[in-house]
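Read-outs throughout are calculated quantities, based only on the coordinates presented, and are distinct from any laboratory measurement. Given the structure is predicted, the values throughout are model-derived calculations rather than measurements. With ideal geometry, Cβ positions are generated from the backbone for all residues, glycine too; neighbour counts draw on all protein chains shown.
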């Protein structure tokens, strides 16, 4: 008999969750995983372990994970781990009742297994190195990153955990500040023209064309621009008079990502590149029209029940610039009737 089946989750006092690196885009996709893990293990001390580098969960995303994580360990491993490190005693981490390895790197997996633990959960090689296995013997890997991580929670808890979109409790102070800039008599649509990698960006002139189209439908465009898109703001603020730029017009909104999530409540829909801002608005409950070029939408699209995906590959190219503006307008129109 598998021992975890007879073990109450409260008996698992400590869990360590390992990621090799922690980029902000993927960190946003991992929020439903953390929410589900906390639901499965409500009383457990959960530690987020980043092998190399820092974690957004210890900085900009800290307000979103305060109910899910008790501790974040950054730079847990040396930048170069050698195979001979496997024969040395691993004192890099504290002991855990359970270690959940989210990566599929063999070397790191074997090193993690040397760390003191009672249960080890890892999907590498069809859970070959995991002390706990999927309940379904005919298990198949899902494509989406979030679904893969949620499956790890199922295995750790040895039961199916309900899938839900990430939800966040919004402080009233933030909700009230954001509410004050929106007119309840007007209707708004979000536009997210930026991304961490500019190769992910649909042409700005197409977004401006959407702005004009939105206004013909009696909606107000709301541009979500981060600090790295200041060059866009200089152009858009001149060419799109009357549009709203919350993060530029209200600098206090840049102090916390919760402000961007709160803005989602006031948007009918948002058109977004594959970007962190798009994931934040999806977390706020806003329907998303998500545009993809060379990145694989099936793996990293916003984890939401209200997402429409438009891929450049459907237009014969991996270049996001080949998505026609008319195709986006057509999808957008379905939200405007």
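For this structure, a couple of remarks:
- Relative contact order of segment 3-157, defined on C-alpha pairs under 8 angstrom at six or more residues apart (%): 24 percent
- The slack between residue 136 and residue 124, meaning 0.36 nm per residue of separation minus the straight C-alpha distance, is 2.7 nm.
- Note on residue 106 and residue 162: with the Förster distance fixed at 45 Å, the Cβ-Cβ geometry gives a FRET efficiency of about 0.90.
- Whole-Å distance, taken between Cα centres, linking segment 295-322 and segment 110-168: 26 Å
- Distance between the pseudo-spin-label points of residue 114 and residue 39 (7 Å out from Cα toward the beta carbon): 3.8 nm.
- Shown is the FRET efficiency for residue 54 and residue 175, computed with R0 = 30 Å from the Cβ-Cβ distance and rounded to the nearest 0.05: 0.55.
- Computed over the chain with a Gaussian network model linking Cα atoms closer than 10 Å, the most mobile of 177, 265, 11 is 11.
- Extending 7 Å from the Cα toward the beta-carbon at both residue 319 and residue 234 defines two label points whose distance is 2.6 nm.
- Calculated P(r) tail over 21 Å for segment 173-333, as whole % of Cα pairs: 41 percent
- Full extension of the segment from residue 198 to residue 337, taken as 0.36 nm per residue of separation minus the current Cα-Cα distance, would add 46.8 nm.
- Listed values [x] 29, 22, 19; [y] 40, 21, 19; [z] 36, 21, 19, entry calculated as semi-axes √(5λ) of the Cα gyration tensor in Å: [y]
- If you plug the beta carbon distance of residue 309 and residue 187 into 1/(1 + (r/R0)^6) with R0 = 25 Å, you get a FRET efficiency near 0.60.
- Theoretical gain in end-to-end length, residue 67 to residue 296 [0.36 nm per residue, Cα-Cα removed]: 79.4 nm
- Taking the helices alone, the chain has a mean residue ellipticity at 222 nm of -8500 deg cm²/dmol, built from -39,500 (n - 2.57) per DSSP H run of at least 4 residues and averaged over all its residues.
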